[in-house]
Amino acid sequence: MSFNKYIIDCGALRYNANKIKDEIGENVKLCGVIKADAYGHGSVTIANKLKDICNFFAVACIKEAIELRDRNILNSIIVLGIVPLSDIKYCVFNNISINISSITQLNSVIKKLKELNLTNDKLKIHLKINSGLNRLGFSKINDFKKALKIIDENDEILLEGIFTHFATKDNDEKFIDEQYKDFKKYVNLVKDRCIIIHNCNSFATMNKKEYRNSMVRCGFDLYGWEKGFKPVLSITSEIIQINYVEDATVGYDRTYHAHNQKIAVIPIGYADGFDRRLSNNFKVLVNGEFANVVGNICMDLCMIDVTNIKKVDIGTKVTILGIDGSNKISIYDYAKVLNTSPYEILLKFKNTRMDIIEK
C-alpha cells in the first residue's frame with residue numbers, strides 16, 4: 001500500500017468517449033489515442049474500458065501495440081510511428097496497421113513482405129501525409145501517386161487509410177484550414193477507394209466538424225481536460241509528519257525560512273513526477289484550502305505550509321491533482337508554472353510507487 005493514490009475515474013472516461021461518439025455520429029469511426037501509456041493513464045486499463053466504444057486504438061510504436069495484443073485487446077490498432085521491418089510479420093498476423101510515410105519506407109516494407117512469403121495474408125497500411133507539421137509523411141503529390149501505383153502492383157499490402165496530423169489548435173485555426181486544404185488534394189486522389197480517411201485530433205473533432213471525414217483520432221478529450229469533458233485522473237497523498245518550526249530553514253539548500261509555522265511533510269517528490277521546479281512555487285490542497293509548497297522538493301518527499309488550515313493531522317488527505325471542496329488543481333496550473341504543455345504534465349507523473357485505483 002502507498003500513501004499516494006493515482007485515481008482513474010472510469011465513469012468519467014466512458015462519459016467523455018460517449019460524448020465524442022454522440023458528437024461525431026454513427027458514420028464516423030472513433031480512434032482512441034492511447035499512446036505513451038494512454039497519456040500516463042494506463043493503456044491497458046483505458047483500452048479495456050473503451051474497447052466497446054472505440055473502433056480503433058492508436059499507439060506510437062510497435063511495443064505499445066504488442067502490449068495491447070498480449071492483454072487480449074482485439075480492436076483494430078494503428079501504429080502512428082515507424083515500425084521496424086523486423087516487426088512486420090507480427091503486424092500482419094495480429095491485425096496491426098502501420099504508418100507508411102515515404103516511398104523508401106514503402107519499398108522496404110514490400111521487399112520484407114516478399115521475403116516472408118506470407119501467401120494470402122496482407123499488411124494493412126495507412127499513408128501519412130505531411131500537410132504542414134513537417135514531421136513524418138509524404139510531402140509531394142507525385143510521390144503519393146507513385147505510392148498508390150506501387151500499392152496497386154503488390155498484393156502483399158492493403159491500403160486501409162490515409163491520414164494527416166494538424167500542427168495547431170485554437171491558437172491558430174487558420175493554419176488548420178491551410179493544412180486541410182492541402183490534405184484534401186491527396187484525399188481527392190483516393191476518393192473512389194473504400195478506405196479510412198482521418199485527420200482530426202481532439203480539438204478539430206469538436207470544433208472543425210466539416211473536417212471529420214470517416215474517422216477521428218481523440219486523446220486529450222478522452223482524458224477530460226477540455227471544457228465540457230470530465231477529468232479522468234486525480235492524484236492524492238497524505239500528511240505523514242507535522243513539524244512546528246519557530247525560526248529555521250526548511251529542506252535542502254535552505255531555500256525557505258519558516259517563522260512560527262506548521263510545516264507538514266507528504267511522501268511525494270520529483271521521483272514521482274512532482275517536479276523540483278515547483279519548489280516554493282506551487283500550492284496543493286488540504287481540506288479544500290490551498291497550502292504552499294515550501295523548501296526544495298526532495299526525491300521522495302516535499303513540505304507544505306499548513307499553518308492556517310484547520311483540522312490538519314497525520315493522515316489528512318492532500319490533493320496533488322484534482323478537486324477538493326470548491327477548489328481544484330489542474331494540469332494547466334502545473335503547465336503554467338513549469339512553462340510547458342499540459343500534455344507533458346500528464347506524462348510527468350509516475351504511478352510506479354502509487355496505488356492505482358479505478359473507480
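No lab work stands behind these numbers, since they all come straight from the coordinates. Predicted, not measured: the structure shown is a model, and the values here were computed from it. Counting neighbours? That spans all protein chains shown, and the Cβs are built from the backbone with ideal geometry, glycine included.
A few comments on the model shown:
- Computed over the stretch 10-218: relative contact order in percent, which uses C-alpha pairs under 8 Å that are six or more apart: 18 percent
- The stretch 289-359 and the stretch 200-225: distance between their alpha carbon centers, rounded to Å: 29 Å
- Centroid-to-centroid separation of the stretch 259-281 and the stretch 6-82 [C-alpha atoms, Å]: 34 Å
- Entries of Lys310/Lys336; Lys19/Lys359; Lys181/Lys230; Lys21/Lys174; Lys63/Lys112 with Cα pairs more than 21 Å apart: Lys310/Lys336; Lys181/Lys230; Lys21/Lys174
- Computed label-point distance, nm, for sites Asp143 and Arg193 using a 7 Å Cα→Cβ extension: 1.7 nm
- Cα gyration tensor, the stretch 277-328 - rounded (a/c under 1.5), prolate or oblate: prolate
- With eigenvalues of the C-alpha gyration tensor scaled by 5 and rooted, the stretch 10-218, Å: 26, 23, 14
- Cα→Cβ-extended label distance, 7 Å offset, between Thr249 and Asn327, nm: 2.8 nm
- Taking 0.36 nm per residue of separation and subtracting the current Cα-Cα distance, fully stretching the chain between Glu173 and Gln241 would add 19.5 nm.
- Placing a label point 7 Å from the Cα of Ser2 along the Cα-to-Cβ direction, the residues of the stretch 291-323 with a backbone N closer than 19 Å are 297-303, 315-323.
- Residues of the stretch 61-82 with amide N under 15 Å of the 7 Å Cα→Cβ point at Phe93: 66, 69-70
- Measuring nothing but how far apart in sequence close Cα pairs (under 8 Å, 6+ apart) lie, relative to its length, the chain scores a relative contact order of 18 percent.
- Around the Cα centre of the chain, unit charges on the Cβ atoms of Lys, Arg, Asp and Glu (plus for the first two, minus for the last two) sum to a dipole of about 840 debye.
- Calculated FRET efficiency for the pair Lys310/Arg69, C-beta based, R₀ 30 Å, to 0.05: 0.05
- Lysines whose Cα lies under 16 Å from that of Lys145, excluding same-chain neighbours fewer than 8 positions away: Lys128, Lys184, Lys185, Lys191
- Approximate spin-label separation Asn134-Lys184, in nm, with each point projected 7 Å along Cα-to-Cβ: 2.4 nm
- Among Ser97, Ser326, Ser234: highest mean-square fluctuation, GNM of the chain, C-alpha pairs under 10 Å: Ser326
- Estimated FRET transfer efficiency (Asp155, Glu358; beta-carbon r; R0 41 Å; 0.05): 0.40
- Set of the stretch 219-252 residues, backbone N closer than 15 Å to the point 7 Å along the Cα-Cβ line of Ala60: 219-220
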